[in-house]
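Remarks on the structure that follows.
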Amino acid sequence: MRICTVKSTGKIIEAQSCATAGTLIRNAVGAGYAKADVEERDIAESEYAILVSAQKEESKTCADKRRDEYPPMADYLDAVVKGDEEQKQAYIDKCLAVKAKYPKTQPE
């Protein structure tokens, strides 16, 4: 598999399993990248999967990260229906812990 990446960030621009040398560079230049800013190389598909996964994780926003870690809302509703204040507070505490782990950045 061949990939084309931005040299400074490692961001994958394009990947093809049957691309010939130079094809992905030409595509990147056609998409507006400077030829000096991109590189093309062969990698194993397993390495590609790791790079894509890491790139997705890096691009997650604060809201995405929070959404992934919040407890299920059904836990809160269950506590409300049962009138279980302890369970409700445990849910709230878990949510507050996630908010503390991924604080919103303040604009300057």
For Val38, distant residues with modelled amide H under 5 Å away:
Lys7
Angle check, please: helix 45-58 long axis (alpha carbons) against the longest principal axis of the chain (alpha carbons), in degrees 0 to 90, nearest 10.
50
Mean ellipticity per residue at 222 nm, deg cm²/dmol - from DSSP H runs of n ≥ 4 across the chain, formula -39500 (n - 2.57):
-16000 deg cm²/dmol
Hull-based mean projected area of the range 62-101, where the convex hull spans the alpha carbons, in square nanometres
2.5
Could you give the dipole magnitude of the chain about its Cα centre, charging the beta-carbon of Lys and Arg +1 and that of Asp and Glu -1, in debye to the nearest 20?
360
From largest to smallest, what semi-axes in whole angstrom does the range 4-72 give when each is the square root of 5 times an eigenvalue of its alpha carbon gyration tensor?
29, 15, 9
Helix 85-101 versus the longest principal axis of the chain: what is the Cα-based angle in degrees, 0 to 90, to the nearest 10?
30
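No lab work stands behind these numbers, since they all come straight from the coordinates. If you're wondering where the values come from, they're calculated on a predicted model, not measured in any experiment. Positions of Cβ are backbone-derived with ideal geometry, glycine not excepted, and every protein chain shown enters the neighbour counts.
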